[in-house]
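For reference, the structure discussed in these notes is given below.
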Amino acid sequence: MLEYKTQIIKLQNGEDLIANVSVDGLNHYILDQPMAFNMDFRGMECGLVMRQWLPIQLIKHNQLKIHEKDILTMAEPNEEFVDHYAYTVKKIKDVLIAKELVKDMTDEELQIAINEFEDVQYDGVLH
């Protein structure tokens, strides 16, 4: 079984990724759940923007093999970033599961779910 470690990856083309990384042979890495990210600077504020790097709706596994020559460098992220990454990956998986469940719902079941969702109270904080 492969051992994965969460890493920040800077690709040769300048893209920044975060992924669970494992060594695969002499010249390759396996990137599991890769997400692209960048820092969004607005005035004195700085925000983190993350997005899926692969079209996960179209592939069986959100995983790929990448040649080491395509990687400029790798670094270990701080705990806060690792936690945010893990939270985001979980939320995306939850949404994909929910989409599959909705496909099998009748119109009546879907309307009940929508009504229950409308009753959810917004606390003013986006997680």
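The values are calculated or read from the model by the stated rules, or taken from the named source; none is laboratory data. What you see is a predicted model, and the numbers here were worked out from it, not measured in a lab. Note: ideal-geometry Cβ built from the backbone for every residue, glycine included; neighbour counts use all protein chains shown.
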_If I filter region 53-79 down to residues being loosely packed, with under 12 Cβ neighbours inside 10 Å and hydrophobic (A, V, I, L, M, F, W, C), which single residue comes out as farthest from residue 22 (Cα to Cα)?_
58
_Only listed residue being among the hydrophobic types (A, V, I, L, M, F, W, C), within 24 Å of residue 3 (Cβ to Cβ) and touching a strand residue (DSSP E or B) at 6+ places or on another chain (Cβ under 6 Å), chosen from 31, 54, 26_ = 31
*Determine whether region 96-103 contains at least one residue that is assigned to a strand (DSSP E or B) and aliphatic (A, V, I, L, M).*
no
*Output for region 9-43, where each listed residue is out of contact with any Leu (no Cβ under 7 Å at 6 or more places or on another chain), of a type in the set (S, T, N, Q) and within 17 Å of residue 77 (Cα to Cα)*: 20, 33, 38
*Hey, can you tell me all the residues within region 28-47 that are touching a helix residue (DSSP H, G or I) at 6+ places or on another chain (Cβ under 7 Å) and of a type in the set (A, V, I, L, M)?*
35
*Mind checking which residues of region 80-112 are surrounded by 11 or more Cβ atoms within 10 Å (Cβ to Cβ), of a type in the set (Asp, Glu) and farther than 23 Å from residue 63 by Cβ?*
109
_region 5-62, residues that are over 19 Å from residue 89 (Cβ atoms) and under 14 Å from the mean Cα position of the chain (by Cα)_ = none
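Conditions tested, residue by residue: (1) part of a strand (DSSP E or B); (2) touching a residue at least 12 places away in the same chain (Cβ under 8 Å).
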| position | (1), (2) |
| --- | --- |
| 7 | yes, yes |
| 10 | yes, yes |
| 18 | yes, yes |
| 21 | yes, yes |
| 26 | no, no |
| 31 | yes, yes |
| 34 | yes, yes |
| 37 | yes, yes |
| 40 | yes, no |
*Quickly run through region 67-119 and pick out the residues that are of a type in the set (Lys, Arg) and more than 16 Å from the chain's Cα centre (by Cα).*
69, 99, 103
*How many residues does region 86-117 hold that are aromatic (Phe, Trp, Tyr) and either under 30 Å from residue 4 (Cα atoms) or modelled with pLDDT of 80 or more (or both)?*
1
